[in-house]
Amino acid sequence: MTYSGRIRSLDGLRTIAIGLVLGHHFFSILQFRGKEWVYGVLLGGWVGVDLFFVLSGFLVTRVVLKNYSAENFLKVFYTRRALRILIPYYLFLFCSYVSLKVLGLNANVVAWPIFMTHMQTIWLAWTDVWAVHFVNPMWTLGWEEYFYLVVPWFFFWKGSKVIVPVAITGLVLCVLGRYEVSLQRPFSPVAYFVLRPDGLLWGMLLAAAWESPATKKILYQARSGFFATAAVLTSALFYFFWQSTELHTPEDSMNAFLYSAASIASLLWVVVVLTAKEKSLTQRLLANAPMVYIGKISYSIYLYHELVHFWGKQGEFYSVPNAIVMVLISVAIAALSWEFLERRLIAYGQRLTYRPPSDHPSDAQHSSRKNVRATG
């Protein structure tokens, strides 16, 4: 199920996530006469982002849990994150700038300083106006960068016991924040849409549960219940998308809870995949070589797909074959990025290893210090 510590089936789940996003962006604007259910599925493809968030929250929190007491944790963690995330991201921004220049368009339509400093999520929520569409998906990277930046410091402060209170507090604030926006700024679709880092926090909770033998056992025992709940909730969500006339969601207070439902459904599917048996159908479908490979390059597919879409829509004619070609071009660009850049950057980052702790307090040391203070 794993190689080099990697859970192959989660790479396959990433492939499903990027597939949902591509379907939403490339195909939901097309007409499928007589097959309205297809349109409904495509319309709800934005939930792929929530699935990505749960996966990121789970995997990154596990890395922090296993290594935060290392003497050089911050240096290694942030260096690896920068190599994996930032360099490909800045290359994408450069390609975006060049694209506008080559097409003779005004490059200043993008607030480059905002995107270069990872403030795009806050900026989009505040202005409630989308930027040029090929940089709009970068709002998700804003949340991920905030998560990577902040979470390790909570562990340094109080150890792993902060996971549950921090995650639950964050989840409550997500719902209250969206609900407050619905009251104070009704008809704010962009703000609604980007104010949803819930999946990262659910992934954080799942990592804590997965690292505990007792709760991990419960997850395995309750797998059938998780599967049934995930299936029902996902079906209800896509039925709602099918009935909706909006590209994203209705612009009302329902968003405060709709996005929570999407992230919970994503969480449940991750649990179902994690607890699947080694030779199960789930493993065979998700852990095969093509699914794993697309999952590994999904980051760059996500980065470049809307830029490819931007170039592909320069003509007047747009059809299903056009969309398929653009998907293939996006995958090809991502494969090149993986082979010649990302794979090498990751390998370089792996040369940096976590050193055993010297004087940094572990959870046990946190507790012992607290007991000394209490008895002293």
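The values are calculated or read from the model by the stated rules, or taken from the named source; none is laboratory data. Owing to the predicted nature of the structure, the values given are computational and were not obtained by experimental measurement. Please note: Cβ atoms are built from the backbone with ideal geometry, for glycine as well, and neighbour counts cover all protein chains shown.
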(request) Could you list all residues from the range 277-302 that are small (G, A, S) and within 15 Å of the chain's Cα centre (by Cα)? (result) G295, S298, S300
(request) Can you work out which of the residues in the range 147-166 that are surrounded by 14 or more Cβ atoms within 10 Å (Cβ to Cβ) and aliphatic (A, V, I, L, M) is farthest from G199 (Cα to Cα)? (result) V162
(request) Tell me which residues, restricted to the range 119-142, are under 20 Å from S99 (Cβ atoms), surrounded by 16 or more Cβ atoms within 10 Å (Cβ to Cβ) and among the aromatic types (F, W, Y). (result) F134, W139
(message) Here is a check on your reading of the model: is L91 under 15 Å from the mean Cα position of the chain (by Cα) and either free of Cβ contacts under 8 Å to residues at least 40 places away in the same chain or within 23 Å of G312 (Cβ to Cβ) (or both)?
(response) no
(message) Which numbered condition in (1) farther than 29 Å from A231 by Cβ; (2) touching an Asp or Glu at 6+ places or on another chain (Cβ under 8 Å) is the only one that V292 fails?
(response) (1)
(message) Six or more apart or on different chains, Cβ atoms under 7 Å: show the pairs whose first residue is in the range 317-346 and touching a residue at least 12 places away in the same chain (Cβ under 8 Å) and farther than 17 Å from F134 by Cα and whose second is of a type in the set (G, A, S) and crowded, with 20+ Cβ neighbours inside 10 Å.
(response) S337/S300; W338/S300; E342/S300
(message) Being under 27 Å from I333 (Cα atoms), hydrophobic (A, V, I, L, M, F, W, C), under 21 Å from the mean Cα position of the chain (by Cα) and modelled with pLDDT of 95 or more is true for just one of L43, L13. Which residue is that?
(response) L13
(message) One residue is enough: does the range 94-106 have a residue meeting the conditions touching a Leu at 6+ places or on another chain (Cβ under 8 Å) and not in a helix (DSSP H, G or I)?
(response) yes
(message) Condition (residue is in contact with a Ser or Thr (Cβ under 8 Å, 6 or more places away or on another chain) and either surrounded by 14 or more Cβ atoms within 10 Å (Cβ to Cβ) or more than 17 Å from T140 (Cβ to Cβ) (or both)) applied to the range 107-114: is it met by at least one residue?
(response) yes
(message) For the range 65-92, which positions are in contact with a Gly (Cβ under 8 Å, 6 or more places away or on another chain) and either more than 21 Å from F156 (Cβ to Cβ) or surrounded by fewer than 17 Cβ atoms within 10 Å (Cβ to Cβ) (or both)?
(response) T79, L83, R84
(message) Here is a check on your reading of the model: is V54 out of contact with any strand residue (DSSP E or B) (no Cβ under 6 Å at 6 or more places or on another chain), of a type in the set (A, V, I, L, M), assigned to a helix (DSSP H, G or I) and farther than 21 Å from P197 by Cβ?
(response) no
(request) May I ask you to verify whether T229 is in contact (Cβ under 8 Å) with a residue 24 or more places away in the chain, of a type in the set (S, T, N, Q) and within 30 Å of L91 (Cα to Cα)? (result) no
(request) Mind counting the residues in the range 139-177 that are among the hydroxyl-bearing types (S, T, Y) and touching a residue at least 60 places away in the same chain (Cβ under 8 Å)? (result) 3
(request) Determine which member of the set A323, A276, A265, A334 is over 18 Å from L20 (Cα atoms) and either touching a helix residue (DSSP H, G or I) at 6+ places or on another chain (Cβ under 7 Å) or at pLDDT 95 or above (or both). (result) A276
(request) Quick one: count up the residues across the range 255-291 that are buried (at least 16 other Cβ atoms within 10 Å of the Cβ), in contact with a Phe, Trp or Tyr (Cβ under 9 Å, 6 or more places away or on another chain) and in contact (Cβ under 8 Å) with a residue 60 or more places away in the chain. (result) 12
(message) Within the range 307-314, does at least one residue satisfy the condition of being part of a helix (DSSP H, G or I), within 22 Å of F52 (Cα to Cα) and touching a Cys at 6+ places or on another chain (Cβ under 9 Å)?
(response) yes
